[in-house]
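The block underneath contains the structure these notes are about, expressed in structure tokens.
The values are calculated or read from the model by the stated rules, or taken from the named source; none is laboratory data. Treat the numbers as computed from the prediction; the structure is a model and nothing was measured. Cβ placement follows ideal geometry from the backbone for every residue including glycine, while neighbour counts extend to all protein chains displayed. These area figures cover heavy atoms from the full protein model, side chains too; ligands, DNA and RNA do not enter into them. Shrake-Rupley method; radii C 1.70, N 1.55, O 1.52, S 1.80 Å.
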Amino acid sequence: KDRPIQPDELSRAQASLTLTLPGSWETMDALAGAILDIVSFGLDDRYYDTFADKVRAQTIPSLTAAAAEVVHPDKLVWVVVGDRSKIEAGLRELNLGEIRLIDSDGKPVS
């Protein structure tokens, strides 16, 4: 919200989302996953035919507008996993809000 998308970030994201497409369907499992996405999300059967063009057509203003509609920072929940002794102090310095510690079963720890 306070830092606009940078042109190099947009370029990297577009490249990542489009240049990896051909390798996305190298296995039967990957192909089945793509088909499952089309069915699960009610996408057009030809969704991937136009995907790369749609990604490349995005601009900083179009993404900023979309983010304003769907990203609500006051409702975000961050899940951070790691060695508590190494990351807790840094997390507290970020002052993102309340930190709740849980174990691998989701039970609170102190």
Note to self: Taking Rg and Dmax of the Cα atoms in Å straight from the coordinates, which label in (i) 15.5, 47; (ii) 13.4, 41; (iii) 19.2, 51 is the correct one?
What the structure shows: (iii)
Check: Could the peptides 42-53, 78-89 be put in order, highest first, of the mean number of other beta-carbon atoms found within 10 Å of their residues?
Finding: 42-53, 78-89
Check: Counting pairs of alpha carbon atoms under 8 Å apart in space and at least six apart in sequence, what relative contact order in percent does the chain give?
Finding: 23 percent
Next item on the list: Report in % the part of the accessible area of region 16-110 that belongs to carbon and sulfur, leaving out ligands and nucleic acids; probe 1.4 Å.
Entry: 59 percent
